[in-house]
Amino acid sequence: MSTQVRAPRPAAARAVGRAVSELVLIAVLFCLYKLGRSLITGQEQEALQHGDLVRRLEAVLRLPSEAAIQAAVHSEPLFRAANVYYTSVHFPLMALFLLWGFLCRPRAEYLWARNLAIGQTGAALVIHMLFPLAPPRMFPDWGFLDTMARYGPSPYDGASADLANQFAAMPSLHVGWAVLIAYVVARTGPRWLAVCAALHAALTTFIVVVTANHWWLDAVAGVLLLVAADAVLRRTHRGGT
């Protein structure tokens, strides 16, 4: 009885197969994340109460007032520019970051970065479900201005409003993803790109505060999830070797 030996696939075919697998995985995870956020409903009162709790905790910690920062800026062109950055850079930059990792970095580095993003984002979704939190812009009585509603653009208008969960302020994945990108590029990328990534992380943190989309503690939580995801991956790697 003869056995047939299957010829190894060419390198190009393997690369295409890996690319398709990654695209499918990321697309599925993104859809699950958006679905999970959209299913969190009926939590407005709880989210507003949590907003009051976070505000009081920030006062105890003596963190700078987000409302005071907004009032100090008080520039319509800057608010509009910040809104554009907030709504248009977040997801495309993460997609570009993953593409850069897949095409330009060693596979082990890409997988590490991808798994960091998955761990951080998955944990964030759990917190969104367990701790709904209204962003500062929902508290005009405390001096906050909803810059997106006043000046636009807003991700909460039109068709996207049906899928958006406006009570998922904690943690801030805008800040969390920006710091993740800066961390990975600082460790694995060229210096000039690491500087750009660090500037993006700093600018994103300023923007989420000045647009009243997040509290300071939301940004801190996003970074802490990155630290936790990195620690888990390190321990898993040590355990597997």
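The values are calculated or read from the model by the stated rules, or taken from the named source; none is laboratory data. Owing to the predicted nature of the structure, the values given are computational and were not obtained by experimental measurement. Reconstructed Cβ throughout: ideal geometry from the backbone, glycine too, with neighbour counts over all protein chains shown. The accessibility values were calculated without ligands, DNA or RNA, using every heavy atom of the protein model including side chains. Shrake-Rupley method; radii C 1.70, N 1.55, O 1.52, S 1.80 Å.
Return the residues of the range 204-217 that are of a type outside the set (S, T, N, Q) and either out of contact with any helix residue (DSSP H, G or I) (no Cβ under 7 Å at 6 or more places or on another chain) or outside any helix (DSSP H, G or I) (or both); say none if nothing qualifies.
Filtering the range 204-217 down to residues of a type outside the set (S, T, N, Q) leaves 206-210, 212, 214-217.
Once the filter is applied, which keeps residues that are of a type outside the set (S, T, N, Q) and either out of contact with any helix residue (DSSP H, G or I) (no Cβ under 7 Å at 6 or more places or on another chain) or outside any helix (DSSP H, G or I) (or both), the range 204-217 yields 206, 212, 214, 215.
Restricting the range 128-140 to residues that are part of a helix (DSSP H, G or I) and at pLDDT 95 or above, the residue that is nearest to residue 154 (Cα to Cα) is 137.
Cβ separations smaller than 6 Å between residues 6+ apart or across chains give the following pairs from the range 191-204 residues that are of a type in the set (S, T, N, Q) to residues that are part of a helix (DSSP H, G or I) and modelled with pLDDT of 95 or more: 204/174; 204/175; 204/178. Given the structure, is residue 6 among the charged types (D, E, K, R), modelled with pLDDT of 75 or more and in a loop (DSSP other than H, G, I, E, B)? Here the answer is no, as residue 6 does not meet what is asked. Restricting attention to the range 63-83, which residues are of a type in the set (A, V, I, L, M, F, W, C) and surrounded by fewer than 13 Cβ atoms within 10 Å (Cβ to Cβ)? Result: 68, 71, 72.
Residue 78 meets each of the listed conditions (1) part of a helix (DSSP H, G or I); (2) over 27 Å from residue 157 (Cβ atoms) apart from (2). Taking the range 203-238 as the range and being open to solvent by 50 Å² or more (accessible area, probe 1.4 Å) and either in contact with a strand residue (DSSP E or B) (Cβ under 8 Å, 6 or more places away or on another chain) or among the aromatic types (Phe, Trp, Tyr) (or both) as the test, the residues that pass are 206, 216.
For the range 169-202, the tally of residues that are within 26 Å of residue 138 (Cβ to Cβ) and either open to solvent by 40 Å² or more (accessible area, probe 1.4 Å) or assigned to a helix (DSSP H, G or I) (or both) stands at 9.
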